[in-house]
Amino acid sequence: MEKEKKVVTLAYGCQMSERDAETLKQITRQEGYTSSDDLASADLVIINTCCVRESAENKILGKIGELKRLKEKNPNLKIAISGCMVQQPGALEKLQKRAPHIDIWTGTHNLHEFSALLHKAEQGEKAAEVWKEPQKTLESTPLAEKGKLQANVNIMYGCNNFCSYCIVPHVRGRERSRKPEEIIQEIKDLVASGCREVTLLGQNVNSYGKEFSPPYDFADLLQEVDQIPGLLRVRFITSHPKDLSDKLISVVASGEKLCEHFHLPIQSGSNFILERMNRKYTREYYLSRISKIRELLPQASLTTDIIVGFPGESETDFEQTLEIMNLIQYSHAFTFMYSKRSGTLAADMEDQIPLDIKKRRLQRLMSVQNAQSLEWRQRMIGKTYEILVEGPSKTNPERFTGRTRGNELVVFKGNSNIIGSLVNIQIIEASTWTLVGEIVNPEM
Ligand code: 5AD
Ligand code: SF4
């Protein structure tokens, strides 16, 4: 009997990267591999990469170095590096030179061809391929992992926005939307396999379907997904503030399964910086979107991404960011120091901000946000929320975890019978990151 082949798949970066890693894992499953977490006994290791910030790239390069030692111990090990880092113009040659121990290289656009590359590597050859352009028909083949409670579903790929700091449009190409019927069918199949919550993924879901005729937009898609029997919850990321329509907010407000959570990256609170970032909205416009959400959905959770130290950011610009955070009160914020990405407009801007100032600003931003996250959660104490039970907590098997519709993490005493169902939980304790609660009707 042939020995069982094991694959370890690691993903760095955003949910799109995780979703791509899942596609690769499924392809290897079709090739006879079983997925595993144990690097030491792996026959194949796949790293799906991210290049959105230099820190991510450095971490990945470190991991690639570590794998060299693993390969020295196990010369039969095959290593594949895929995704955004490889897709950057001119990156492949540099990476190949730096890491000759890697067997397979693939960009973001040709992931679906991974089997062919794997076959070549299994024959002892080096395999490297990076397509310049995506091929739509391949992207319609979802290859999602079945049987999980939660699933990420791509609704579109690429980005047309070219924010001046961002590498994503350079490595994921222009926007292209999947057909609604393909998305609905994929979700129905996932539900049939036990999935209860889907997160619809796109770099800017609000521009979904722009190319469709007759017109059909993201709000229309949400309305249809809301009707799928057996599905309990629908989430979506990411919303570009410039395209967040009143129609979308009202569809979320009237939907049954549509979670009241908007991830709305603001990036900066200064109009001067927003303009230089090419974000195409002003702070006033952003605030008007927040008012609309709060008017129709007073309970909605808001989360955001913020960059500090963008080229030319003065102390006053930075203060404006802190000020708008205080006005809005996010439940959570992902905060970043600006990182220069070659090939983007901002990389060539003068007045780059020194690292020590970026670090200081990031510290201040994080302490403001941590205080707000704590206050946000403290305000939830005593109230009851609907939670989708996910499973036992990693640190304490008697405790279970789940999330509110607003995506806040809650820990509570439960049992495995309720995994995958909705329970009402009263919040009794709050910290910056988590809530502790009790099931309201434990006999149910
Ligand atoms: N430097 C720092 N943060 C960045 N992001 C994107 N590009 C950069 C960069 N060059 C952040 C943005 C985006 C999030 C996914 O990553 O805030 O919303
Ligand atoms: Fe990057 Fe801007 Fe596109 Fe988001 S919208 S992926 S930040 S270019």
Restricting attention to segment 191-203, does a residue exist that is of a type in the set (D, E, K, R), touching a residue at least 40 places away in the same chain (Cβ under 8 Å) and more than 16 Å from ligand 2 (Cβ to nearest atom)?
yes
Restricting the first residue to segment 1-26 and requiring it to be over 27 Å from GLN203 (Cα atoms) and outside any helix (DSSP H, G or I), which pairs with a second residue that is of a type in the set (A, V, I, L, M, F, W, C) and at pLDDT 95 or above meet a Cβ separation below 6 Å and a spacing of at least six or different chains?
LYS6/ALA42; VAL7/LEU44
What about SER213, is it surrounded by fewer than 16 Cβ atoms within 10 Å (Cβ to Cβ), more than 22 Å from ALA151 (Cα to Cα) and away from ligand 2 (no atom under 16 Å from the Cβ)?
yes
Spans of strands (runs of 3 or more DSSP E) in segment 363-414 with at least 3 residues aliphatic (A, V, I, L, M) and in contact (Cβ under 8 Å) with a residue 12 or more places away in the chain:
384-392, 409-413
So, in segment 36-50, how many residues would count as being outside any helix (DSSP H, G or I) and surrounded by fewer than 16 Cβ atoms within 10 Å (Cβ to Cβ)?
2
Look through GLU133, GLU93, GLU54, GLU31 and report the one residue that is charged (D, E, K, R), under 29 Å from ARG174 (Cα atoms) and in contact (Cβ under 8 Å) with a residue 60 or more places away in the chain.
GLU54
Which residues, taken from segment 320-334, are within 16 Å of ligand 1 (Cβ to nearest atom) and either within 14 Å of HIS263 (Cβ to Cβ) or touching a Phe, Trp or Tyr at 6+ places or on another chain (Cβ under 6 Å) (or both)?
ILE328, TYR330, HIS332, ALA333, PHE334
Scan of segment 130-151 for residues that are more than 16 Å from ligand 2 (Cβ to nearest atom), in contact with a strand residue (DSSP E or B) (Cβ under 8 Å, 6 or more places away or on another chain) and not in a helix (DSSP H, G or I), ordered by number
VAL130, PRO142, ALA144, GLU145, LEU149, GLN150, ALA151
Give me the pairs: first residue in segment 272-287 and over 9 Å from LYS242 (Cα atoms), second residue within 13 Å of ligand 1 (Cβ to nearest atom), beta-carbon distance under 6 Å, and six or more apart or on different chains, which are they?
ILE273/PHE310; ILE273/GLU313; LEU274/SER268; MET277/CYS163; MET277/SER164; MET277/GLN267; ASN278/CYS163; ASN278/SER164
Would you pick out the residues in segment 237-264 that are part of a loop (DSSP other than H, G, I, E, B) and either surrounded by fewer than 19 Cβ atoms within 10 Å (Cβ to Cβ) or away from ligand 1 (no atom under 14 Å from the Cβ) (or both)?
LEU244, SER245, GLY255, GLU256, LYS257, CYS259, GLU260
Out of segment 322-355, which residues are in contact with a Gly (Cβ under 6 Å, 6 or more places away or on another chain) and within 16 Å of ligand 2 (Cβ to nearest atom)?
MET337, TYR338
Lone qualifier among LYS25, LYS68 - being in contact with a His (Cβ under 6 Å, 6 or more places away or on another chain) and basic (Lys, Arg):
LYS68
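Residues checked against (1) closer than 25 Å to LYS146 by Cα; (2) among the hydroxyl-bearing types (Ser, Thr, Tyr):
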| position | (1), (2) |
| --- | --- |
| ARG19 | yes, no |
| SER55 | no, yes |
| LYS63 | no, no |
| ASN74 | no, no |
For a quick check of your reading of the model, give me the residue pairs whose first member lies in segment 215-233 and is more than 16 Å from ARG178 (Cβ to Cβ), whose second is hydroxyl-bearing (Ser, Thr, Tyr), with beta-carbon atoms closer than 7 Å and at least 6 apart or on different chains.
ALA219/SER245
Qualifying positions in segment 78-129 - among the polar types (S, T, N, Q) and either touching a strand residue (DSSP E or B) at 6+ places or on another chain (Cβ under 7 Å) or part of a loop (DSSP other than H, G, I, E, B) (or both)
SER82, GLN88, GLN96, THR106, THR108, ASN110, GLN123
Considering every residue within segment 303-315, establish whether at least one is surrounded by fewer than 20 Cβ atoms within 10 Å (Cβ to Cβ), out of contact with any strand residue (DSSP E or B) (no Cβ under 7 Å at 6 or more places or on another chain) and part of a helix (DSSP H, G or I).
yes
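For (1) within 16 Å of ligand 1 (Cβ to nearest atom); (2) over 23 Å from TYR208 (Cβ atoms); (3) touching a Gly at 6+ places or on another chain (Cβ under 7 Å), each residue gets a yes or a no:
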site	(1), (2), (3)
GLU57	yes, yes, no
THR108	yes, no, yes
PHE114	no, yes, no
TRP131	no, yes, yes
GLU139	no, no, no
ASN160	yes, no, no
SER164	yes, yes, no
Give me the pairs: first residue in segment 166-182 and closer than 14 Å to SER17 by Cα, second residue in a strand (DSSP E or B) and more than 10 Å from ligand 2 (Cβ to nearest atom), beta-carbon distance under 8 Å, and six or more apart or on different chains, which are they?
ARG172/TYR157
Filter segment 164-213 for residues that are of a type in the set (A, V, I, L, M, F, W, C), outside any helix (DSSP H, G or I) and within 20 Å of the chain's Cα centre (by Cα) and give the result.
CYS166, ILE167, CYS195, VAL198, LEU200, LEU201
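The values are calculated or read from the model by the stated rules, or taken from the named source; none is laboratory data. Quick caveat, the model's predicted, so the values are computed rather than measured. Glycine also receives a Cβ, built like all others from the backbone with ideal geometry; neighbour counts cover every protein chain displayed.
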